[in-house]
Amino acid sequence: MSQAMKTTMIYSFAMFLAASAGFSSCSSEDPVITNRNLEGTDTYFASSDAQKQNIFYKPFVGYVGDPMPFYDPVAGDFKVMYLQDYRPNQAVTYHPIWCVSTTDAASYTSLGELIPCGSATELDAALGTGSIIYHDGTYYTFYTAHSPNPASTGGVNEAVMLATSKDFRVWEKNRTLLLKGGERYSNTDFRDPFVFKGDDNKFHMLVSTRENGKGVLAEYVSDNLLDWTDAGVFMTMMWDRFYECPDLFKMGEWWYLIYSEQHDAVRRVQYFKGRTLAELKSCTANDAGIWPDGHEGFLDSRGFYAGKTASDGTDRYIWGWCATKAGNNNLGNSDWAGNLVAHKLIQHADGTLTLGEVPAIASSFTNKKNVEDFNLNGETSRLMPRLGVENRMSFKVTTTNPWDKFGISLSRGADSEKFYSIIVNPESDKLRKINFEEEGGAGFVGNTDGYVFDAPADGVYDVTVVADNSVVTVYINNCAAYTNRVYGTAKNCWSINSYGGNISVSDITISSK
C-alpha cells in the first residue's frame, strides 16, 4: 500500500474523530483531534500543528518575524518585540511590531501590538526590525521604516525611525527623527538599526546599508539618542554579502557581532569576535574573512534566522525564527517568518560561541519515561514510542569507530515508507555535521544541513531533542545546535538509527508536559 493511501486512510479516521469531538468541549487553541485512541499504536498519523504554540512561541493568528529582544531593567524580564506576519498581510501596510514578555525564554505572555504601521503614503507604511534601549526613564525603539512606494517618500525606500514609551505599553512615534542614507549610503537598503552604549559613554547605532554598492555597517553616534552624527563605516561586509539584523555586545573579555547573512548561498546566523572593537572590525577588512572558529561562525542551520540576543546580566539568550515551509511540506521552500525559537549562548574558554538548550525549557518537561539501553549493529533502527505534541528526548550514543553514523527519524510510523531523519554524518574521521534526509524518498535535502563540528575524542555524543509541534531543535555535547521544521513530528513515533557500524544507546529519557 502506498504512503498516500495510508495517509488517506488515517486522515479519514481522523475526520471521524473530529466529528465525534463535537460531543465534548475543547479549547479553541488545541487541535480538534486528540490522541486518546492512538495510545499503544505505532502506525503513522496525519497530525497538524496547534494554532497557538508555547515553547517555540507562535501567536494564535499569524507568525513571528525578526525578533528584537531586550532585557527590561524596570520589569526584570525580557521583552521580545517582533514583526507580526499575518498571512495574508495587507498589500502596503504590513508587519506591525508586536511583543511578548518572558522571564525564562521558555514561556511567553503576549503584549499585543505596540507599534503600528504608518499609513500607505508614509515612510513607515511597512515596518522592519530594530532594537530597544532604556535611558533616563524612557524606552527607545529604533526601527526600520519601509515604503513600498518610494515615489511618494522622496525616493527613500528605507530609513530609521524612532518610537518612545514611558511604560513599554503606550508608544509614540517621533516624527522629527529620521535617519536616511543620503548621498553616502543606500536609500534602498538602510535598515535594522542596533543601538548600544559604548565605553565612551556615548550611544552608538549600527545600520545595515550599502556604500558604493558594497554592504557595510554604518555607525552613528549620539549623546542623547535624538541627535545622531555619522561616524563612518563600522565594518565592511565581505565580498557580495549583506549582514542583516546586527547585534553587538561584550561577553566577558570578548566583543561579538552576531548577524544574519542574507546571501542565498549562506542564509544563516553567524558571528565574529575580537578582544577589542578594533580587532572585531578587522575581521572583514579588505574581505579578510577572519573567522572566529572552524565553521565560519555559524551558530545554527538555515532553520534558525534573524537571531539577536539579550542578557539579564547572568545569562544571554538568542531569539530567532524557524520558518514554516510552503504547503506544510518538509521538502518545501522556506517561508518568511515562523515560530520564535530561543537558545542559550555558550561561551567557551577560547571565546568561541555555540548554542545550547534553554534551562527553563528543559525543566518544563515534568513527565518523564525512561527506556532501556540497547545496541544497534549495521543498518538498523529502533522504533520508539509515539510522541505527544510537546516533547523532549535525551539520550547518549557511544560509537566504536570514527566513521560510525547515526541519527534519529521523526514523523514515522511502523507502516511508513517515507520518513524524515536528522543524521550525524561523518565528514571525515574527525569532523561531523548534521544532515537532513527524506528516507525512502528524496534522500539528502539541500540547504537544511548544519555546520561541521569536532567529533568527541571518546566517541560519546550527548544528544537532546526538543520538539514543539513541527519545530525541532537538536543539541549535541554543547558544541552543535540544529533547528529545523519537521511536519508530522507531533503524535507520531520516532526512531534512533544506525547507518552501519556499531553504536550503543543509553540514558534514554522521553519527556512530555
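Among the residues making up segment 290-308, those that are more than 15 Å from Lys433 (Cβ to Cβ) and either free of Cβ contacts under 8 Å to residues at least 60 places away in the same chain or open to solvent by less than 10 Å² (accessible area, probe 1.4 Å) (or both) are Ile290, Trp291, Gly297, Phe304, Tyr305, Ala306, Gly307, Lys308.
Of all the residues in segment 229-252, those that are assigned to a loop (DSSP other than H, G, I, E, B) and either surrounded by 20 or more Cβ atoms within 10 Å (Cβ to Cβ) or basic (Lys, Arg) (or both) number 2. Within segment 163-191, the set of residues being open to solvent by 20 Å² or more (accessible area, probe 1.4 Å), of a type in the set (S, T, N, Q) and either in contact (Cβ under 8 Å) with a residue 12 or more places away in the chain or closer than 24 Å to Val233 by Cα (or both) comprises Thr164, Asn174, Ser186, Asn187, Thr188.
Would you confirm, using the coordinates I've provided, whether Val371 is among the hydrophobic types (A, V, I, L, M, F, W, C) and over 23 Å from the mean Cα position of the chain (by Cα)? Yes: the conditions hold for Val371.
Tallying residues that are outside any loop (DSSP other than H, G, I, E, B) and either of a type in the set (S, T, N, Q) or under 15 Å from Phe196 (Cβ atoms) (or both) within segment 259-273 yields 3.
Checking each residue in segment 390-422 for being within 22 Å of the chain's Cα centre (by Cα) and surrounded by 20 or more Cβ atoms within 10 Å (Cβ to Cβ) picks out Glu390, Asn391, Arg392, Met393, Gly407, Ile408, Ser409, Leu410, Ser411, Tyr420, Ser421, Ile422. For segment 298-316, the criterion of being touching a Leu at 6+ places or on another chain (Cβ under 6 Å), at pLDDT 95 or above, of a type in the set (D, E, K, R) and more than 18 Å from Asn484 (Cα to Cα) is satisfied by at least one residue.
Just give me the residues in segment 309-351 being outside any loop (DSSP other than H, G, I, E, B), open to solvent by 50 Å² or more (accessible area, probe 1.4 Å) and hydroxyl-bearing (Ser, Thr, Tyr), in sequence order. Correct list: Ser334 only.
Kindly indicate whether any position in segment 88-105 is within 25 Å of Gly182 (Cα to Cα), surrounded by 15 or more Cβ atoms within 10 Å (Cβ to Cβ) and touching a residue at least 60 places away in the same chain (Cβ under 8 Å). Checking segment 88-105: not a single residue is within 25 Å of Gly182 (Cα to Cα), surrounded by 15 or more Cβ atoms within 10 Å (Cβ to Cβ) and touching a residue at least 60 places away in the same chain (Cβ under 8 Å). Residues in segment 427-438 that are more than 15 Å from Asn477 (Cβ to Cβ) and open to solvent by less than 30 Å² (accessible area, probe 1.4 Å): Asn435, Phe436, Glu438.
The values are calculated or read from the model by the stated rules, or taken from the named source; none is laboratory data. Here the structure is a predicted model, which means the values were calculated and not measured. We place every Cβ from the backbone using ideal geometry, glycine too, and count neighbours over all the protein chains shown. Ligands, DNA and RNA are stripped out before the accessible areas are found, and what is left, the full protein with its side chains, is counted by its heavy atoms. Shrake-Rupley method; radii C 1.70, N 1.55, O 1.52, S 1.80 Å.
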